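Peer 1: Take a look at this one; I'll ask things after.
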Amino acid sequence: MKLEHVTEIDSTNTELMRRALRGGARAVHGVALVADHQSAGRGQRGRLWRDSVTEPGASLLLSVGWQWPRACPLDGLSLSLGLALLDTLASLVAEPASLALKWPNDLLYGSGKCGGILVETVNLAADTDTRALVVGIGLNLTAVPMLDAEGAQRALPVRALFADVAPGMAHAVRARLLDRLLPALAACLERFEQRGFAADREAFEARMAWLGESVEFVRPVGETIRGRIDGVEADGALSLRVQGQRLKLHSGELRQVRPAVLAIS
């Protein structure tokens, strides 16, 4: 991959999508764009992705461009990419067993969220065979972002992957991670194009957060379903058991069911 670095940008994903619209999918294929700070980073469903501004490299703000065949489905890609990310980090963090993948695109470390993945595509009118794929990855490396009151209430607790790193060393931590992560992402994309998510299904379930636990599933329209996570389907859909039946769910947000607090009289 070709690694590019910028000090500040609105969004690394947005920048690669702009390049694809100007120059086609080939213009971004194999480009890895990393920034020290984003002013308009995005997460799932248009949410703001905040990064730590304590020092350059405290957050990993990375986007990778790829030329993707239009005939090749993308179902489950964020799950496979999450697995590649987790496997890379497992050799670097102090507590590798504490890493887990929250369906469909979040990385957890212990009880907190430390990162996420955003997959976007650009369909180009002049190219009927391929499209541009942009993979965005955000990670809290040595510090965590400040959340507003609304974000703090909605989100899981945030955690940094390398919180014990000495001040001034964030850039070195990021560089070491990128050396290992970029080849892993390229290999994942190439493998997925040939085999899809089904080849990663078992490995994903082995590192899946809250497997077998009761959760709330919130659909994009706001409907909430309570059930138990059974795993994932071959196409990456969530399998949720609700009142003895298995539901196959493609889009939504998972939340843990908090135990009720009993009043003592």
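Peer 1: Can you tell me how many residues in segment 113-144 are assigned to a strand (DSSP E or B) and within 23 Å of residue 56 (Cβ to Cβ)?
Peer 2: Selection size over segment 113-144: 13.
Rundown of residues vs (1) of a type outside the set (Phe, Trp, Tyr); (2) at pLDDT 95 or above; (3) surrounded by 21 or more Cβ atoms within 10 Å (Cβ to Cβ); (4) farther than 30 Å from residue 30 by Cα, yes/no style:
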residue	(1), (2), (3), (4)
141	yes, yes, yes, no
144	yes, no, yes, no
149	yes, no, no, yes
154	yes, no, no, yes
158	yes, no, no, yes
167	yes, no, no, yes
177	yes, yes, yes, no
181	yes, yes, yes, no
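Peer 1: Further question on the same structure: Given the options 161, 177, 185, 156, name the one that is closer than 27 Å to residue 69 by Cβ, in the same structural domain as residue 102 (by TED's automatic domain parsing) and either touching a strand residue (DSSP E or B) at 6+ places or on another chain (Cβ under 9 Å) or in a loop (DSSP other than H, G, I, E, B) (or both).
Peer 2: Matching residue, one of 161, 177, 185, 156: 185.
Peer 1: Out of 241, 159, 219, 201, report the one residue that is within 24 Å of residue 110 (Cβ to Cβ), among the charged types (D, E, K, R) and in contact with a Leu (Cβ under 9 Å, 6 or more places away or on another chain).
Peer 2: 159
Peer 1: OK, next. Is segment 51-63 home to any residue that is charged (D, E, K, R), more than 26 Å from residue 220 (Cα to Cα) and over 19 Å from the mean Cα position of the chain (by Cα)?
Peer 2: yes
Peer 1: Checking the condition without any contact (Cβ under 8 Å) to a residue 40 or more places away in the chain, touching a Gly at 6+ places or on another chain (Cβ under 8 Å), of a type outside the set (Asp, Glu) and crowded, with 22+ Cβ neighbours inside 10 Å, which residue from 85, 61, 107 passes?
Peer 2: The conditions single out 107.
Every residue, every condition in (1) outside any helix (DSSP H, G or I); (2) of a type in the set (A, V, I, L, M, F, W, C), yes or no:
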position	(1), (2)
189	no, yes
193	no, no
200	no, no
221	yes, yes
226	yes, no
230	yes, no
235	yes, no
240	yes, yes
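Peer 1: Moving on to the next point. Could you give every pair whose Cβ atoms fall below 8 Å, whose first residue belongs to segment 9-33 and is of a type in the set (Val, Ile, Thr), and whose second residue is in a helix (DSSP H, G or I), counting only separations of at least 6 or pairs across chains?
Peer 2: Between residues of segment 9-33 that are of a type in the set (Val, Ile, Thr) and residues that are in a helix (DSSP H, G or I), the close pairs are 9/15; 28/16; 28/19; 28/20; 31/16; 31/19.
Peer 1: Look through segment 79-120, keep the residues that are touching a helix residue (DSSP H, G or I) at 6+ places or on another chain (Cβ under 9 Å) and of a type in the set (Val, Ile, Thr), and return whichever of them is farthest from residue 182 (Cα to Cα).
Peer 2: For segment 79-120, the residue satisfying everything is 119.
The values are calculated or read from the model by the stated rules, or taken from the named source; none is laboratory data. Computed from a prediction, not measured in an experiment: that's the story for all the values here. Every residue, glycine among them, receives a Cβ derived from its backbone with ideal geometry; neighbour counts consider all protein chains shown.
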